[in-house]
Amino acid sequence: MGKLIIFSAPSGSGKSTIINYLLTQELNLAFSISATSRPPRGTERHGAEYFFLSPDEFRDCIARGEFLEYEEVYPDRFYGTLKEPVESQLKSGKNVIFDVDVVGGIRIKRYYGDRALSVFIQPPSVEELRKRLTERGTDAPEIIESRMAKAGFELNHADRFDVVIVNDDLEKAKAEALQRVKEFLAK
Ligand code: ADP
Ligand code: 5GP
């Protein structure tokens, strides 16, 4: 049976960058593909980064009880983790790695307890977060503002996580994440 590694942080903190690095390491990891009703951006494909659903398809999955956790971040913009793919990856012996927001991360940790390591990626400052989101160039200004509005709340919940890693120097943050995940998987 595999274990669970949860990465949460305000959007723009560097979670995806660090997770993509960990996925290249020999850790027997599988990425948990979430479902979302937001449109794909850039090179994103259905079944790779996300399962892209319409708001109504998303609501149907909620009604059937298929989510481990989900959130409607603002009207018709849903994100959620489907139970079935996670359970089948764990059963096949894979360790499952999650990129979810702070509320989702806390819920998944509560559900799986000691089988899960929850990691909070902290940006050096709120100004730096805005700079990274702007420079990433993937979001319209109003989406950046909604992500920034959520960030204040999320930064106040770092203490609910097993591990906090400050992502200032990316190489250091990657090394620390690798070290912590290795220790957890060896337990
Ligand atoms: P998240 O998945 O948390 O939304 P990303 O991994 O997409 O964040 O990172 C947001 C942006 O910041 C990306 O353009 C990424 O290249 C950049 N970035 C990540 N870590 C650092 C860092 N330590 N210093 C500067 N830029 C960074
Ligand atoms: P993005 O739109 O940048 O891909 O993701 C926006 C936010 O949604 C990120 O903070 C990401 O971690 C979060 N997210 C992605 N998938 C899930 C999920 O399944 N559940 C929850 N609660 N949040 C998610």
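Each Cα pair under 8 Å and six or more residues apart adds its sequence gap; the mean of these over the residue count of the range 4-186 is a relative contact order of 32 percent. A 1.4 Å probe run over the protein chains yields, for the range 4-186, 50 Å² of accessible area per residue, whole-number rounding. Here the scattering of the chain is modelled by Debye summation over its C-alpha atoms, one equal scatterer each and no solvent; at q = 0.08, 0.12 Å⁻¹ the log10 of I(q)/I(0) is -0.24, -0.56. A dipole drawn for the range 4-186 from +1 and -1 charges on Cβ atoms has a positive end, and of Ala116, Ile33, Asn20 the residue lying farthest that way is Ala116.
Once backbone amide H atoms are built at 1.01 Å from N, Phe31 has Ile97 as its partners under 5 Å, excluding neighbours fewer than 5 places away on the same chain. Other residues with beta-carbon under 11 Å from the beta-carbon of Asp101 carry, at +1 per Lys or Arg and -1 per Asp or Glu, a net charge of 0. Within the shell defined by Cβ-Cβ distances under 13 Å, the residues around Asn20 carry a net charge of 0, with Lys and Arg each +1 and Asp and Glu each -1. The dipole here belongs to the range 74-187: it is taken about the Cα centre, uses +1 on the Cβ of Lys and Arg and -1 on the Cβ of Asp and Glu, and is about 500 debye.
Accessible surface of Asp168, taken over heavy atoms with a 1.4 Å probe and every protein chain present, rounds to 100 Å².
Tell me the net charge near Ala177. Cut-off is 14 Å between Cβ atoms, Ala177 excluded, with +1 for each Lys or Arg and -1 for each Asp or Glu. Local charge sum for Ala177: -2. Screening the chain for whole DSSP H helices of 18 Å or more along their axis (Cα) with average Kyte-Doolittle hydropathy at least -1.0 returns 141-155, 170-186.
A helix-only calculation puts the chain at -13500 deg cm²/dmol for mean residue ellipticity at 222 nm, using -39500 (n - 2.57) for each DSSP H run of at least four residues, averaged over all residues. Given Ile106, Ser11, Ala140, which one lies farthest toward the positive end of the charge dipole of the chain, if we put +1 on the Cβ of every Lys and Arg and -1 on the Cβ of every Asp and Glu? The residue sitting farthest along the positive end of the dipole is Ile106.
The values are calculated or read from the model by the stated rules, or taken from the named source; none is laboratory data. Values in this document were obtained by computation on a predicted structure and should not be read as measured data. Glycine also receives a Cβ, built like all others from the backbone with ideal geometry; neighbour counts cover every protein chain displayed. Accessible surface is based on the protein model in full, side chains and every heavy atom, while ligands, DNA and RNA are left aside. Shrake-Rupley method; radii C 1.70, N 1.55, O 1.52, S 1.80 Å.
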